[in-house]
Amino acid sequence: MSNVKIFSNGILKENPVFVLLLGMCPALGTTSSAVNGMGMGLATTFVLLCSNMAVSSIKNLIPDQVRIPAYIVVIATFVTVVQMCMEAFIPSLYASLGLFIPLIVVNCIVLGRAEAFAAKNKLIPSASDGLGIGLGFTFALTLLGATRELFGTGKLFGLHLFPEKFGSLIFVLAPGAFIALGYLIAIVDKLRKA
């Protein structure tokens, strides 16, 4: 399978949120705005890309008995890098995402791709897979955040599109995440089958 096909699978065919239904905790918890969704998605993309490359590089050095703990240590290292950089350079986004940043360590998407793909493939295909799945995750979170922000506050990426009084508060709250996600999954499923 070509690297381009591996890359595009994560965005379209195997989108983690809309198709595989993975990573629901950050998808629902961090997407109150498009910026938050994009920030969380890009942080996870960095961790996916780096951890896939690292796992692919050291897969032959790790004994089977400690495979999963070793992958978690690798993932935690890159999450720590993301967390420290975000806190230093984007403190408002860091404060907004809060506890969800360290939770990237236990995100089933990251560990699943390390175990299912990176541990069985070479470096370049593993990097393509990590980047594709990460960008698909970023796309899903950004779209979900943009939908909730638009219908909830009348803004998109912080820009006023219509007065906030016409927005629906439910989209900013937790139930709105479920409602928006449900409709987006249905739309994506319809488009995939068309």
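The values are calculated or read from the model by the stated rules, or taken from the named source; none is laboratory data. Quick caveat: nothing in here was measured; it's all calculated off a predicted structure. Heads up, the Cβs are rebuilt from the backbone with ideal geometry, glycines too, and the neighbour counts pull from every protein chain shown. With ligands, DNA and RNA removed, areas are computed over all heavy atoms of the protein, side chains included. Shrake-Rupley method; radii C 1.70, N 1.55, O 1.52, S 1.80 Å.
Structure notes:
- Matching option when the condition is in contact with an Asp or Glu (Cβ under 7 Å, 6 or more places away or on another chain) and assigned to a loop (DSSP other than H, G, I, E, B), among Leu61, Leu20: Leu20
- Top-ranked residue in segment 155-194 [being basic (Lys, Arg) and open to solvent by 70 Å² or more (accessible area, probe 1.4 Å); ranked as modelled with the highest pLDDT]: Lys190
- Flag set for Thr77, criterion: open to solvent by 70 Å² or more (accessible area, probe 1.4 Å) and among the polar types (S, T, N, Q).
- Matching residues, segment 1-20, being farther than 26 Å from Thr77 by Cβ, open to solvent by 60 Å² or more (accessible area, probe 1.4 Å) and either of a type in the set (D, E, K, R) or touching a residue at least 40 places away in the same chain (Cβ under 8 Å) (or both): Met1, Val4, Lys5, Leu12, Lys13
- Residue in segment 3-20 that is in contact with a Phe, Trp or Tyr (Cβ under 7 Å, 6 or more places away or on another chain) and of a type in the set (Val, Ile, Thr) present: yes
- The residue that is farthest from Val79 (Cα to Cα), counting only those in segment 23-69 that are open to solvent by 30 Å² or more (accessible area, probe 1.4 Å) and within 9 Å of the chain's Cα centre (by Cα), is Met38.
Let's see how each residue does on (1) farther than 17 Å from Ala27 by Cα; (2) touching a residue at least 60 places away in the same chain (Cβ under 8 Å); (3) assigned to a helix (DSSP H, G or I):
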{"residue": "Asp129", "(1), (2), (3)": "yes, yes, yes"}
{"residue": "Gly136", "(1), (2), (3)": "no, yes, yes"}
{"residue": "Arg148", "(1), (2), (3)": "no, yes, yes"}
{"residue": "Lys165", "(1), (2), (3)": "yes, no, yes"}
{"residue": "Ile170", "(1), (2), (3)": "no, no, yes"}
{"residue": "Gly182", "(1), (2), (3)": "no, no, yes"}
{"residue": "Ile185", "(1), (2), (3)": "no, yes, yes"}
{"residue": "Lys190", "(1), (2), (3)": "yes, no, yes"}
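- Flag if Ile124 is open to solvent by 50 Å² or more (accessible area, probe 1.4 Å) and either within 28 Å of Gly182 (Cβ to Cβ) or part of a helix (DSSP H, G or I) (or both): yes
- Test result for Val82, closer than 19 Å to Glu14 by Cα and part of a helix (DSSP H, G or I): no
- Any hit, segment 82-101, residues being without any contact (Cβ under 8 Å) to a residue 40 or more places away in the chain, at positive phi and open to solvent by less than 70 Å² (accessible area, probe 1.4 Å): yes
- The set of residues from segment 25-41 being touching a residue at least 60 places away in the same chain (Cβ under 8 Å) and in a helix (DSSP H, G or I) comprises Cys25, Pro26, Ala27, Leu28, Gly29, Ala34, Val35, Asn36, Gly37, Met38, Met40, Gly41.
- Checked against (1) in contact with a helix residue (DSSP H, G or I) (Cβ under 7 Å, 6 or more places away or on another chain); (2) open to solvent by 40 Å² or more (accessible area, probe 1.4 Å), Arg148 passes all but condition (2).
Residues are listed down the side, and each one gets a yes or a no for (1) polar (S, T, N, Q); (2) modelled with pLDDT of 95 or more; (3) within 11 Å of the chain's Cα centre (by Cα):
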| residue | (1), (2), (3) |
| --- | --- |
| Ser96 | yes, no, no |
| Leu99 | no, no, no |
| Leu103 | no, no, no |
| Asn121 | yes, no, no |
| Leu141 | no, yes, yes |
| Thr153 | yes, no, no |
